[in-house]
Each structure stands twice: as C-alpha cells, then as structure tokens.
1. Could you check, for the range B:195-204, whether at least one of its residues is more than 14 Å from chain A (Cβ to nearest Cβ), modelled with pLDDT of 90 or more and under 21 Å from the mean Cα position of the chain (by Cα)?
2. Provide a single number: the residues in the range B:252-286 that are of a type in the set (G, A, S) and surrounded by 14 or more Cβ atoms within 10 Å (Cβ to Cβ).
3. Suppose the filter is surrounded by fewer than 17 Cβ atoms within 10 Å (Cβ to Cβ), modelled with pLDDT under 85 and in contact with a Leu (Cβ under 7 Å, 6 or more places away or on another chain); does A:K174 pass it?
4. Residues of the range A:330-361 being within 20 Å of A:F136 (Cα to Cα), within 12 Å of the chain's Cα centre (by Cα) and of a type in the set (V, I, T), which ones?
5. Restricting to strands (runs of 3 or more DSSP E) lying wholly in the range A:247-349: which have 3 or more residues that are in contact with a Gly (Cβ under 6 Å, 6 or more places away or on another chain)?
6. Across the range A:271-315, what is the total count of residues that are of a type in the set (S, T, Y), exposed (fewer than 15 other Cβ atoms within 10 Å of the Cβ) and in contact (Cβ under 8 Å) with a residue 24 or more places away in the chain?
7. Taking strands (runs of 3 or more DSSP E) that fall entirely within the range A:370-444, which contain at least 2 residues that are under 21 Å from the mean Cα position of the chain (by Cα) and under 30 Å from A:L358 (Cβ atoms)?
8. Inspect all residues belonging to the range B:388-405 and state whether any of them is within 21 Å of B:T104 (Cβ to Cβ), more than 14 Å from chain A (Cβ to nearest Cβ), surrounded by fewer than 19 Cβ atoms within 10 Å (Cβ to Cβ) and in contact with a helix residue (DSSP H, G or I) (Cβ under 7 Å, 6 or more places away or on another chain).
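The values are calculated or read from the model by the stated rules, or taken from the named source; none is laboratory data. Since the structure is predicted, the reported quantities are computational estimates derived from the model, not experimental observations. When we count neighbours, we look across all protein chains shown, and the Cβ atoms used for this are built from the backbone with ideal geometry, even at glycine.
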Amino acid sequence: MRIVIIGGGKLGLSLAQNLVNEKHDVTIVDRNDAVLQKGMDTLDAMFIKGSGVSSEALKEAGAQYADIVIAATTWDEINMLSCLTAKKLGAQYAIARIRDPEYLESLPFLQKELDIDYVINPERSTAREISRMLRFPFAGSLETFARGRVEMVDFRAAEGDQMVGLPLKDINKKNKNMPQVLICGVERGDEAIIPKGDFIIEPGDQVHVVSDVNTITNFFNYIGKGMATVRSVMIMGGSRIAFYLAQMLIAMHIKVSIIEVNPQKARRLSETLPEANIIEGDGTDQELLESEGLADVNAFITLSDRDEENMMAGFYAVQRGVKKVIVKSSRDNYSAIMHNIGLNTIISTKDVACNVILRTVRSRASRSSASVERMYRLMEGRVEALEFIAGVDEPYIHVPMKDLSAPDCLVAVIVREGQVRVPFGNDTIEAGDHVVILSRRTGVSSLNEVLKVK
Amino acid sequence: MNYKLVFRLLGRLMMLEAVLMLPSLAVSLIYGQGDALAFVLTMGITAGIGALPAFLLKPRRSDLNARDGMAVAGLSWAVLSFFGALPAFFSGAIPGLVDAYFETVSGFTTTGSTILTDIEALPRGILFWRSFTHWIGGMGVLVLTVALLPRLSGRTSLLAKAESPGPTFSKLLPRMSDSAKVLYGLYLLLSLLEFVCLMLAGMNGYDALIHTFGTAGTGGFSNYNASIAAFQSPAIEWIIGVFMTLFGVNFAVYFHLVRREWGVAVRSEELWVYLSLVALATLGITATLVPAGTGFWTALRQAFFQSASVISTTGFSTTNFDLWPGLAKSILIVLMCVGACAGSTAGGFKVSRAVLLTKASFREIQRTLTPRKVSVIRFEGKSVQEDTLAQLGVYSFLYVCLALLGGFLVSVAGTDLTASFTAALTCLANVGPGFGAVGPVENFAFFPAPTKLLLSFLMLAGRLEVYPILVLFMPSLWKKN
C-alpha cells in the first residue's frame, strides 16, 4: 500500500520502519532537515521536505494516490488539518494523532467534519493497554470495536471453570449471576470453531468472548480470572496517561491514588478526578510512598515523564513486594536493564501507539472492501472479526435475527446509539447500527453477503 | 568499516560483472576472432574470486552504514574496472595491464578517453565489452545491483546515493529498488529508441549497438578510429547529437513525463539552463565557424554535435575541433567545466551545481552592500539549505583542486600546458578528448604508466563525485568497527 506519514518524530520513524519492513511504499513528510537526513540514511522510504498542511508538499508526497495518510506530528491541530487536506486531495484513509484531552469530548463531530477516519490518542491507548494488563493479565489478545465500546478477549478454559462441560445455551441458566457475554469463537487444537448453542467447551480450549467493556470485566471477575484482587492502584506522576487510566480504573470501582509533585497539576487532577486520591509530593520519596500505603496497594504504576524516576520508584516498589509493578519508559535501550533488575512489565507510549496504528494499517491492507470498518484476524487468521455499519435499504434491515440465516458466520454484537447489545432471536439490525460479525469465510465484503433472509 | 559486509557486497558485484560479460562472450563467439577464451577465463576468475567473500563471509551486522556505503562505492568501481580490464589483457588486444586498466576505467566512468591507436584492429567481442562498460557505468553498477538484488541490504539507498550524480539525491519512488528499476527501465527505453533510429539511418546492427552504448552512457567509445566522422552521414550525426543531449537530462524529468506530470517536468530549472547552454554554445560556435569558411548548415551541425558531445560529457567527434578558432575551443572548455544535469548518465561538475553557485555568489555580492538583508536561495522552486551551499562550496574547491593538481602532475610527463590541463579536466569531467596532444584525433597512449594511473584516478573521482574515491585514502575508513 502507499502510505504517507506526516511528521518524522519518534512515532513517525518507528511506524515507517515497521511499514517498510512489511513491504509498504512509505513517504515521510517533515519540515526539519535533520530529521529527513537521519531518516534517509536508515530507511528505504521517500522523504519530502515540507509541512503536512501544505497541499504542495502533500501532492509531492503523493497523498492524492495514498491508501493511508498518518498524521503523527507533535501538534494536534496540524495533524487534523493535514488529514483534512490529504483527504480532500484524494487520500483513501486518514489517521490522526490527537492527544489533547480538551479535544476529547468534541472528537466525534471533529472527526466527522474533518473527515478523519481514525484517531489515535497515544496516552489514552497506553492507559487502555495498562488497564488491560491489570484486568486480563492472562488474556492473549484484546481487540476493540465500535470506538472501544465493544471488546473481544480470549482466555484458556481450565478444568473446573463454570462454563466447562455445559452446552452454551445452558451456561447462563446454570449460573444465574454470571454476566452475559457472547462466546463467539473457540480454538481447539488446530480447529477454529464458531460455536452454536449446543457446543460444549472442554478444558484447554482457547475461548473468545465479546461484550461491552463493563460486562467483560465483571465476567472475568465472576469466573475468577480477572484481577478481582486489584482493589487499589497507586500511580506515580500525574501525566495524561495517569488521567485517562484513573478514569478507566475508577469506572471499574478500583481505588486510585495519584502522586504528583507539581501543585498546579495536582490541583487540576483533583478537579477533574474527584473520586481519585490525589497526593501532592515526590513519587521517588520513599517515606511518602510508605505513608501513603505502598505496601497495601495491589499495583504500582509509574507514569512520570522521567524514565529514571520511573525506574527507581518501580524498583523500590518491587523490593517492597507490590504484586504488579508497571513502569513507563520512553527509551528502547533501557528495557534490557530494567528486566535485569526485576521490572518485567514495561510500557512505552510510542510502542503502544505504533502497534495500534500498525493494526489499523494491517486491517486496511488485508480487508476486502471499503465498507468494512474494522477487521481483525483471530485464531491465526482462520476467523475474521469484521465491523460493518448497516446500510439503509438492505434486505436484512428490520428482520428479527431468528428469521436471518448466516452460514459460517455469527452476529456477535450490535451497537446502536452507543448501546451495546448481544443479539437474540427477536433483535433486529437497524440502519446505521455498528454490527460486528465473526466469519470463517475470508474476504467478506458486506453484510449482504452473509446475512440472508430465510 | 564493516569488512565482512563490504567484501561480501564486493564479491557479489564481481559475480554480477561476470554475468554482464555474457553478451560480449556471445558477440566474440559470433565473430570468432579468438577473444572468446579471454572472456571465459576472465569470467571464471572474476566469478571465482567474487564467490569466496560472497558466500563465505557472514557479517554479524548486515546493515550498511554511511561509511560502508562510501567504501563499497569507491572500492567496487576500482575493483570492477580491474577485472573488466582482463579480457583485453588476456586476449592480447591491449598488451599492457595499465593500458587495459585505463581503457576500462575510461569505459565504466563513461569518459571515453582511449589509449588505442588503431581501434579497428581489435576483435569485435573486446570492442563490444569496451562499449558495454559505458552502458553499465552510465546509470551505475550499484543502481543496477539495487534494481536486480533488492534484498542485498536494508539500506540500499546509501549505495545508490554514493553513486548517483548531483548535489542532492532524491528517489523517484518510496522504495529504492523500485526507483532503480524505473531508472533502468527509462534508460533501456531511451537506448532502444536510439538503436532503432540509428538502424533506420543506415548503421548495421553491431555499429548501432556500439554507438547506442557510447551515447546512452555518455561515454564516447566508437569502434572506428575516426569516431562518428567515419559514417559521413549528417542524419547519424543529428540523431546522435540529439540523443547525447537527451541522455544529459535528469532522468527524473523523463519519470515525470512518463507519469504525465507535464508541469513538474517542464518547470525544471536545471533542464532549461542546460538546454539554453547547448543552444547558446551551438550558436556561438556556428558564428565563429561560418566566417572561417564553413558552410552554415555544416557549421550548425558540427557546432551542435560538438556542443552536445562535450556538455553531455560524451566525447564523440565528427570533426577535429582542435583546429577550430580559439573562441569555439573556449566555448567547449566552458561546457567541459559545467557538464550536464544531475541525475543523468553524464559526468562533469553538473549544471545544478553551477546554477546554485552562481546564485550563491550573487547573494554574497549583494550582502556586501546590504549586510542585514535576509535572502534565501531558491532552486527548482524550493529554498536551499545553507548546509547544502556550504557543502557545495567545499565540493567545488575539491573539484578545482583535483583539476589543477591533476594538470600539474600530468605536465610532469612533459606535455604542454594545453594538453596537460585539458587531459586532467577531460578525465575528471568524464568527457574524453581534450585539446592539443590529447585532442579528438589523438589518444592517451603516449603517457607513461604513472600518468595513466593518475588519469584513471581522476576519472573515477569525477564519476563518483570525488568523495567515495577520496575517502579510500582516509585511514579512519579502514579502521574496524
């Protein structure tokens, strides 16, 4: 694919490196000569000097023929405008890095008006990744649909689990309090199965479940695989990641303390996160950590802007026996040292953002049609999870599920006006709904292909 | 320097060279003049020696850095020239090894200076290889390697960059191997076009190939002692004249033409300066030839052919321009100093550098009057970095130094001022003939061996744009990483 990256910073170059390795044609646009020079010596990509908001530079970079344009400069506004300009020139798909929390609420309509197809907020993605680490430490993968409202997680079923040995249709009857999720795919040995109601899960199966975020969390806590043990988390450094993470954790009823040294920042955090416990102080101060109860928290996460402080504080927490310690690092070359001193869970904003974008690019590269919103390959590519938006005058609209047949396929969730529902026999698909399906056929390009009225 | 990596690449290049000798072997077999054995022997030796490092060395780090790229560029041209000289040496066509080396360097660097006094006496296979080196050297061995073997190394652009002419390097397409393929595709297409035109103008297939190679690489080897004058055909002179001009144009222009981006192609500043120079020189020389008694159309044809030949650094001749009036010769010397466009197959200082330096000079003069005036130099519609200008200044100094020092050292051999300095300049600019004792109907055979090696060095320095050859003399290059 032809990919234009605007901004050759850490994220831009790291993305370019990965995309070049995956055999895409990459062009990088940047205003800074030093960046261009460095990139030119190390990367087999094209480099254009210029601003991403200049249509001249974008044309020279071939944005009009580009399959994907990724705006990854430091400035949100430039990224938005670059995407808009590139799309107007004829680019197929635009990805923008937008990270200021102030844009967060206006994002849905900004995205629509500016014609940006995908927004990556590295800090928010990192927070989500950390929360995944806390919630599903065992999960092989976590995929999101419908702008993060729907999650698909997999886990390995073990002897004695509540759902083992029962037909799927009876699981919720036997376990009355179990949050209702959809078991949408099972890997058994080399087989990939989309299970029907009479399917029985055996120990050792890799089970994929899908539902909205809270239900999924409750489900895992119910079956005893969640970090139900995580009741309180201490975060060092009141960065943007800390803000997003705290929001997510509070929504899951986890107690959050944030230690921030800057008084203004600490005050602002306490304004925006009234339920969190904000402490003004130096996170590397061991006495402070002790007095705030470091030894009693289930997880300690260091998110300050300084790698060294993160390392030292994290190291101290490990020494004090905190069960889960997650350390943020922005430098690749520290990870080996950190492993050596016992810090095993390291997270880097750049890597998280890079992975998220790469996944989007890969799904664009392998998907079969423009109407597919998102596509993931599950179970080593044998099953595809696809997200569509239902059309207006399609035959399947307004037909109860029980009157639709979907061979080799499963309608996993329907998202309507932000509400996630796992469809049952009487539910219908309406125009504009986000519909996630799992298919064993590859190359499905529209809902019409798989949903037939009986 | 990463020795293992550099030598592995060199080994692979040698194996590629052996493969590139196949057409010449075929030609020598067809004509059966006894030179086939020399090719077989050379191919065996080259491939054999090349295979050792190519397969045995396993570098721990296989990523080329800038230093290794430079080393590969400089070394490969020197080494390939040596092995390329062996067929002529083994077959006895050129008995001296230094002579054979000079001739091959002249071929690969697309200079076209020769030490042969009777070209027509050589076997046709050897002459074919001699001209074929022009065609390979024109677009570049490393660019060819990158096009054919994209998996050679992750950072192939460094190789192509070290070999491609011009002050700045820009790819046509995001991936280097694609760019290289496009370049060779365009090169092949233009060459084919010329070949067809020459055949239509009455050349036989062999002559047409030889002269297509000579023109396309902007080299200038002919298989006739009298060069193009041997054909006595105005049509052929016009065709070759036009194609010499075309091969001196930046290939990016053709790329844009093929992509129907007319605007970008036509707006090229360098192209217009280059074409204007050809036109002005043609008019100027015509104006000096007509009063001296040549008919207008003949004068115009000769003037255009010789201007195109010198500015594109080809070096074909249709007439002994050494006998021309002083002004006409001065015009040719100026063209020799400027050279053709960056990104073409031609050598020389390059029009783009000349334009940039002129602009920078004007700015400096202006600055003495208005010291606080901020002015940015623009070229091809873009502002030029001060770094680029500073590098350009140093490059120009080195270039002038090489020309002057070269001329000085050549004169040690006893040649007069004109011959010494034009010999050095013509080799450095990859043109071919000079004036006086090295004029268009003369040759370089009379120089002693050290002078021939010196001129070979100048040719390599000129083709690779100085740095890749000069770094070979820096001790720090040879230190192990």
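1. Yes; the residues of the range B:195-204 include at least one that is more than 14 Å from chain A (Cβ to nearest Cβ), modelled with pLDDT of 90 or more and under 21 Å from the mean Cα position of the chain (by Cα).
2. From the range B:252-286, those of a type in the set (G, A, S) are B:252, B:263, B:265, B:268, B:276, B:279, B:281, B:284; that's our starting set.
From what's left, surrounded by 14 or more Cβ atoms within 10 Å (Cβ to Cβ): B:252, B:265, B:268, B:281, B:284.
Summing the residues that are of a type in the set (G, A, S) and surrounded by 14 or more Cβ atoms within 10 Å (Cβ to Cβ) in the range B:252-286 gives 5.
3. Numbers: surrounded by fewer than 17 Cβ atoms within 10 Å (Cβ to Cβ): yes; modelled with pLDDT under 85: yes; in contact with a Leu (Cβ under 7 Å, 6 or more places away or on another chain): yes.
Yes; evaluated as a whole, the condition is true for this residue.
4. Answer for the range A:330-361, where residues must be within 20 Å of A:F136 (Cα to Cα), within 12 Å of the chain's Cα centre (by Cα) and of a type in the set (V, I, T): A:V352, A:V356.
5. Details: elements: A:255-260, A:277-280, A:299-302, A:324-328, A:345-347.
The strands (runs of 3 or more DSSP E) meeting that bar are A:255-260.
6. Here the count works out to 1.
7. Values: elements: A:372-378, A:383-389, A:409-416, A:419-421, A:434-439.
Qualifying strands (runs of 3 or more DSSP E): A:372-378, A:383-389, A:409-416, A:434-439.
8. Looking only at the range B:388-405, we keep the residues that are within 21 Å of B:T104 (Cβ to Cβ), and these are B:402.
Checking which are more than 14 Å from chain A (Cβ to nearest Cβ) leaves us with B:402.
Still in the running and surrounded by fewer than 19 Cβ atoms within 10 Å (Cβ to Cβ): none.
Checked the range B:388-405: no residue is within 21 Å of B:T104 (Cβ to Cβ), more than 14 Å from chain A (Cβ to nearest Cβ), surrounded by fewer than 19 Cβ atoms within 10 Å (Cβ to Cβ) and in contact with a helix residue (DSSP H, G or I) (Cβ under 7 Å, 6 or more places away or on another chain).
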